[in-house]
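Visitor: My questions will all concern the structure given below.
Values in this text are rule-based calculations from the coordinates and carry no lab data. Remember, predicted model here, so these are calculated numbers, not experimental data. Neighbour counts are summed over all protein chains in view; Cβ atoms, including those assigned to glycine, are modelled from backbone coordinates with ideal geometry.
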Amino acid sequence: DAKTTQPTSMDCAEGRAANLPCNHSTISGNEYVYWYRQIHSQGPQYIIHGLKNNETNEMASLIITEDRKSSTLILPHATLRDTAVYYCIVARDTGNQFYFGTGTSLTVIP
Amino acid sequence: ETGVTQTPRHLVMGMTNKKSLKCEQHLGHNAMYWYKQSAKKPLELMFVYNFKEQTENNSVPSRFSPECPNSSHLFLHLHTLQPEDSALYLCASSQSTNRELKDTIYFGEGSWLTVV
C-alpha cells in the first residue's frame with residue numbers, strides 16, 4: 001500500500017476554507033485517494049475519493065496534483081461540526097483493505 | 001445513520017469472560033470488516049469477510065474469533081481478553097472486494113470495550 005503523510009494537526013477559523021494536505025508520493029497508477037473523517041467517539045465517515053481528476057461533492061472538494069503525488073481536501077466553509085480527525089487513504093488496486101494512518105486533527109475555531 | 005449497526009455500544013468484561021460483539025449492515029453489501037482503534041492509535045484492520053468467507057486476518061490473536069453467518073451479519077467473539085485489548089471496535093461494510101469498482105466502506109458507530 002502507498003504510504004500517506006499528513007500533518008498531525010491544523011486549526012481553521014469558522015467560516016473559512018479548511019485545506020488539508022496529504023502526500024502520497026509512492027501512489028501507483030490505479031490506486032485511488034480516499035478521504036474519511038472521524039468525529040470523536042464515532043465511526044469514520046466517508047467524505048470523497050478520486051483517481052486523477054478533481055472531485056467535488058456536497059461535503060468537500062478534492063484536488064489531486066497532476067503527478068498524483070499529493071492531494072488536498074478542501075472544506076469550503078468550515079463549521080464547528082467539522083472538528084474531527086481527517087484521514088487520507090490510498091486504496092490498494094486489488095483487494096479491499098483500507099489502511100488508516102494517524103490523520104490530521106482539524107480544530108475549527110469560533 | 002450509515003446503515004451499519006453495532007451492538008452493544010459499550011461493554012465491560014472481565015478477563016475470564018466470554019462475550020460477543022455484533023454487527024449488522026442494511027446496505028446489501030457483500031464485504032464486512034472488523035477494525036480496532038486503541039487510544040491515540042490509528043485504526044487497525046483485523047478481519048475481512050467477503051461473501052461470508054474470511055479473506056484477511058491481520059495476525060489477530062486467537063482470543064478474538066470472528067464469525068460471519070451471512071453477508072449481513074458479523075460477530076466478534078471475545079474470550080480471555082487482556083486489559084490492553086480495551087479499545088473501540090469498529091465494524092464496516094462495502095459492496096465488493098473489487099477495488100476497481102471504486103467502492104467505499106461504511107462504518108458503524110463502534111463498540112467501546114473495556115477489559116477489567
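Visitor: Give the cysteines in chain B for which no other Cys Cβ lies under 4.7 Å away, or write none if there are none.
Guide: Lacking a cysteine Cβ partner under 4.7 Å: B:Cys68.
Visitor: If you build the Cα gyration tensor of region A:1-87 and take the root of 5 times each eigenvalue, what three semi-axes come out, in whole angstrom, biggest first?
Guide: Details: eigenvalues 95, 38, 29 Å².
With the √(5λ) rule applied to region A:1-87, the semi-axes are 22, 14, 12 Å.
Visitor: Could you tell me which residue out of B:Ser93, B:Thr80, B:Ser65 lies farthest along the dipole of region B:11-115 toward its positive end? Charges go on the beta carbon: Lys and Arg +1, Asp and Glu -1, centred on the Cα centre.
Guide: The one lying farthest along the dipole's positive direction is B:Thr80.
Visitor: Note down the relative contact order for chain B as a percent, whole number, built from C-alpha pairs under 8 angstrom at least six residues apart.
Guide: In percent, rounded to a whole number, it is 37.
Visitor: Based on a Kirkwood Rh over C-alpha pairs, give the Stokes-Einstein translational diffusion coefficient of chain B at 10 °C and viscosity 1.306 mPa s in µm²/s.
Guide: Details: Rh = 14.1 Å.
The Stokes-Einstein estimate is 112 µm²/s.
Visitor: Compute the FRET efficiency between A:Thr5 and B:Thr16 as 1/(1 + (r/R0)^6), taking r as their Cβ-Cβ distance and R0 = 35 Å, and round to the nearest 0.05.
Guide: Working: r = 43 Å, r/R0 = 1.21.
Computed FRET efficiency for A:Thr5 and B:Thr16 comes out at 0.25.
Visitor: Another one. Quick check for me: using +1 on Lys/Arg Cβ and -1 on Asp/Glu Cβ, what's the dipole size of the protein assembly as shown about its Cα centre, in debye to the nearest 20? Before the final figure, lay out each step's value.
Guide: On the way: 19 positive and 21 negative charges, 86 e Å.
That gives the protein assembly as shown a dipole magnitude of about 420 debye.
Visitor: Work out the mean other chain Cβ neighbour count within 10 Å for the residues of B:32-42 and drop it here as an integer. Intermediate values should be presented prior to the final figure.
Guide: Numbers: counts 0, 3, 0, 4, 0, 4, 0, 0, 1, 2, 7.
Going residue by residue through B:32-42 and averaging, the value is 2.
Visitor: Please compute the alpha carbon radius of gyration of the protein assembly as shown, then divide it by the globular-protein estimate 2.2 N^0.38 Å. Two decimals is fine. The partial results should precede the final answer.
Guide: Values: Rg = 17.7 Å, N = 226, 2.2 N^0.38 = 17.3 Å.
Dividing the Cα Rg of the protein assembly as shown by 2.2 N^0.38 Å gives 1.02.
Visitor: Moving to a separate point now. List the cysteines of chain A that have no other Cys Cβ closer than 4.7 Å: which are they?
Guide: Cysteines lacking a close Cβ partner in chain A: A:Cys12.
Visitor: Sorting B:Met15, A:Met10 on the 10 Å Cβ count, fewest up front, what's the list? Display every interim value, and only then the final one.
Guide: Values: B:Met15 13, A:Met10 16.
With the sparsest Cβ surroundings first, the list reads B:Met15, A:Met10.
Visitor: Semi-axes, largest first, in whole Å: what does sqrt of 5 times each Cα gyration tensor eigenvalue give for region B:8-47? Write down the numbers at each step before the final one.
Guide: Working: eigenvalues 96, 55, 18 Å².
Semi-axis lengths for region B:8-47 are 22, 17, 9 Å.
Visitor: Moving on. Between B:Ser62 and B:His26, how many nm apart are label points set 7 Å from Cα along the C-beta direction?
Guide: Rounded to a tenth, the inter-label distance reads 3.8 nm.
Visitor: Show me, bin by bin at 10 Å from 0, the whole-percent P(r) of region B:42-97 based on Cα pairs.
Guide: Taking all Cα pairs of region B:42-97, the binned fractions are 20, 57, 21, 2 percent.
Visitor: Further question: What distance in nm separates the simple spin-label points at B:Thr114 and A:Arg81, each placed 7 Å from Cα in the Cβ direction?
Guide: Label at B:Thr114, label at A:Arg81, 2.9 nm between them.
Visitor: Next question, about the same structure. Taking Cα pairs under 8 Å and at least six residues apart, what relative contact order does chain A come out at, in percent? Before the final figure, lay out each step's value.
Guide: On the way: 278 pairs, mean separation 40.3, N = 110.
It rounds to 37 percent for chain A.
Visitor: Cα to Cα, under 24 Å, and not fewer than 8 places away if on the same chain: which lysines meet these conditions relative to B:Lys52?
Guide: Hits, sequence-local ones excluded: B:Lys18, B:Lys19, B:Lys22, B:Lys36, B:Lys102.
Visitor: Divide, for region A:14-63, the radius of gyration over alpha carbons by 2.2 N^0.38 Å, where N is the residue count. Intermediate results must be reported in sequence, preceding the final value.
Guide: Working: Rg = 12.4 Å, N = 50, 2.2 N^0.38 = 9.7 Å.
That works out to 1.28 for region A:14-63.
Visitor: Please give the Cα centre distance for region B:1-48 versus region A:38-59, rounded to the nearest Å.
Guide: 21 Å
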